[in-house]
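What follows is a single structure, written as structure tokens, with notes after it.
The values are calculated or read from the model by the stated rules, or taken from the named source; none is laboratory data. Since we're looking at a predicted model, the values are computed, not measured. As a convention, Cβ positions derive from the backbone with ideal geometry for all residues, glycine included, and neighbour counts pool all protein chains shown. All accessible areas refer to the heavy atoms of the entire protein, side chains included, with ligands and DNA or RNA removed. Shrake-Rupley method; radii C 1.70, N 1.55, O 1.52, S 1.80 Å.
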Amino acid sequence: MEKGLISVDRWAEGSQAYFLTNLHTDHTQGLSSTWAMAPIYCSRVTAKLFPFKFPNFNLSLLRVLDLGSWHSLSLISPSTGSKVTVQVMAIDAYHCPGAVMFLFRGEFGCMLNTGDFRWEKNCERAKLAKEMLLNALKDDAVDVLYLDNTYCNPTFQFPTREVAAKQVADIISSHPDHDIVVGIDTLGKEDLLLHISNALNVKIWVWPERLQTMHILGFHDIFTTDTSLTRVRAIPRYSFSINTLEGLNRMHPTIGIIPSGLPWVVKPFEGNGKLFDSLLTSGYNRSKVSSEGGKQNDKSNGNLESVKRFHKYVYSVQYSGHSSYLEIEEFIKLVQPTSMKGIVSSSSCNVDPFYYFGRICGINQPSQKLDNEHQTFGRGGYTGIEKKRKRVGRLGFYLSRVTVMRRGRKGIKLDEN
């Protein structure tokens, strides 16, 4: 596709149409209440949430794309001045409320940008999205896939969100005399909170701004800002720290739970907590996956090995809104792209999808390091050669091990940004 037509999750000037996959902060860097360059295309849910995140934004710039319908854009070629027609379809990405992937087609071919996504194997919502994508493609091939490669590494094996949510509820029910704090972002993991509420018949405390978001999403009876009504509190992840939990425990027994797919635990806590001991008694063997494909001894289908206790007050549960390595592999097999590029890049931690999955596309594997000398059309848009963006801050994943350990001793603060 010619430069200067569209951008996805990139907000610098120079494009005629902009597309927003979701409202998480790493997708909106550069977007502000005063931004007014061109129309922004997004899902209906994102459009509802947009004015809350960007007050006083000129809402006439928003264009809602209904899921599963083709929309036609008439643009102008910057090089020739001729008319260019781009068709786009939004498809449920099932990452956070309003998250979508975009399927583009035109004279340039067919391109799919997943944004952040997770399509779990036995999830009905994911099955509907898959059918929608396949019906839209028909006999067309995806020329370029811009892929959420957050967990594009065989080490990232974790349970489905349904299983992880049950694990969280089990931890809470195993601590009947404790207050509970769960670290979450400003958007996302609503399904987890709903499961906790339904399974344990409790209300969930959230901070005032999060309560507004819940009301916008249609949840009115489950969440509260009155601490006297519940012992379970969902707090901003950036305020979740060991120091905070130690302070809370001086007033009342409290445990913290961090739901994340990231392996941010340096070393699990080796205490004698009954729950911890019982959680690790299952006969789990981590899947072994190589660049040759396939898996061995995959028993990560619901047991509780993925729950870690790295401090006497803190549990880590692998509840993720991003696809696991095996789910990424299944998605690539489904799409069968001619070429693909990761939308998340780092100098040391993320892998070019071709390294592990090039064989699916019938292409020899390149080096593992991401190539910076190509055009990108993903988180950052289709803008020509672009600097690699490190996603720093998702629980400090891209900090060095030494830095993580130092912060752990001091009471690591888990920042969203």
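Between amide H atoms placed 1.01 Å from N, distances below 5 Å from Cys110 occur with Asp143, Val144, all of them 5 or more places distant or on a separate chain.
Anisotropy class assigned to segment 1-105 is oblate, per the alpha carbon gyration tensor with a/c at or over the 1.5 cut-off and a/b no larger than b/c. Peptide packing for 242-252, 117-127 was compared via the average number of neighbouring C-beta atoms within 10 Å per residue; ordered from the highest value, the list is 117-127, 242-252.
Its Cα gyration tensor gives segment 111-168 an equivalent ellipsoid; the semi-axes, largest first and in whole Å, are 25, 16, 8. Descending by average beta-carbon neighbour count within 10 Å, the peptides 25-32, 73-80, 352-359 line up as 352-359, 25-32, 73-80, the highest first. For His311, the residues whose modelled amide H falls within less than 5 Å of its own, excluding neighbours fewer than 5 places apart on the same chain, are Phe269.
Taking amide H positions as modeled 1.01 Å from N, with prolines and chain starts lacking one, the residues under 5 Å from Gly342 and 5 or more places away or on another chain are Leu147.
In this structure, the pairs whose alpha-carbon distance is over 31 Å, taken from Lys53/Lys308; Lys127/Lys341; Lys138/Lys166, are Lys53/Lys308; Lys138/Lys166. Each residue of segment 169-180 was assigned a 3J(HN,Hα) from its phi angle through the Karplus expression (A = 6.51, B = -1.76, C = 1.60, θ = phi - 60°), giving 4, 5, 4, 5, 5, 7, 10, x, 9, 9, 6, 10 Hz with x at Gly and Pro. For Thr338, the accessible area of its heavy atoms, probed at 1.4 Å with every protein chain present, is near 80 square angstrom. Shown in residue order for segment 307-316 are the 3J(HN,Hα) couplings computed by the Karplus curve 6.51 cos²θ - 1.76 cosθ + 1.60 at θ = phi - 60°: 7, 10, 10, 9, 8, 4, 10, 10, 10, 10 Hz (x for Gly and Pro). Taking 20 Å as the limit for the C-alpha separation, the pairs Lys3/Lys83; Lys3/Lys48; Lys189/Lys312 exceed it in the case of Lys3/Lys48; Lys189/Lys312.
Length gained on full extension, Gln29 to Asn135, computed as 0.36 nm times the residue gap minus the Cα-Cα distance: 34.9 nm.
Simple spin-label estimate for His215 and Met251 gives 2.5 nm between the two label positions (7 Å along the Cα-to-Cβ direction from each Cα). Sorted on the mean count of surrounding Cβ atoms within 10 Å across their residues, most packed first, peptides 7-15, 223-231, 204-212 read 7-15, 204-212, 223-231.
Give the accessible surface of segment 79-195 per residue, rounded to a whole number of Å², with probe radius 1.4 Å and ligands, DNA and RNA excluded.
Working: 4190 Å² over 117 residues.
With all protein chains present, segment 79-195 gives 36 Å² per residue.
Across segment 49-181, the convex hull enclosing all Cα atoms gives 180 Å³ per residue.
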